[in-house]
1. So in the chain, which Cys have no other cysteine's beta-carbon sitting under 4.7 angstrom from theirs?
2. As I understand it, the dipole of the chain uses +1 on the Cβ of Lys and Arg and -1 on the Cβ of Asp and Glu, about the Cα centre. Which of PRO80, ALA20, LEU70 lies farthest toward its positive end?
3. Using unit Cβ charges (K, R positive; D, E negative) and no other charged atoms, how large, in debye to the nearest 20, is the dipole of the stretch 2-96 about its Cα centre?
4. With the convex hull built on the Cα atoms of the chain, state its orientation-averaged projected area in nm².
Amino acid sequence: MLCVFRLTPAYMEDRYIQQALRSLADENAEIQDMTNGEIRRKLSSFYMVNNIRSQSAKDIKIERKRDQILVKMEYEVRVPIMANVSAVMSFNNVWDSRRPYECCKPQSE
């Protein structure tokens, strides 16, 4: 029970981060014209509204290729369980402009 209680907030924040990345699919046609700063501001405002505190827009990596934009959010969360025991959770979310509705699955290339 203790582990579930301690780990659930990190998983909930990851779900909100995935929703933020999925929101980019709504603007898929316009995202090619957006600068990296505009993409970060859009995601940052989503983070603020949904009270995401573990990650910030600075942690977002944006890769631009000729016909593709990759927005990556890779991070780890360390949660103390008791005494000197901690749980480390790794999250890897990738939004690909070529497949905008299949968000948050790492690229398999």
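Every read-out reported here was derived from the displayed coordinates using simple, explicitly stated rules and does not represent laboratory data. Since we're looking at a predicted model, the values are computed, not measured. Neighbour counts run over all protein chains shown; Cβ positions are idealised from the backbone, glycine included.
1. CYS3
2. Most positive-ward Cα: PRO80.
3. 300
4. Seen from a random direction, the Cα hull of the chain projects 7.8 nm² on average.
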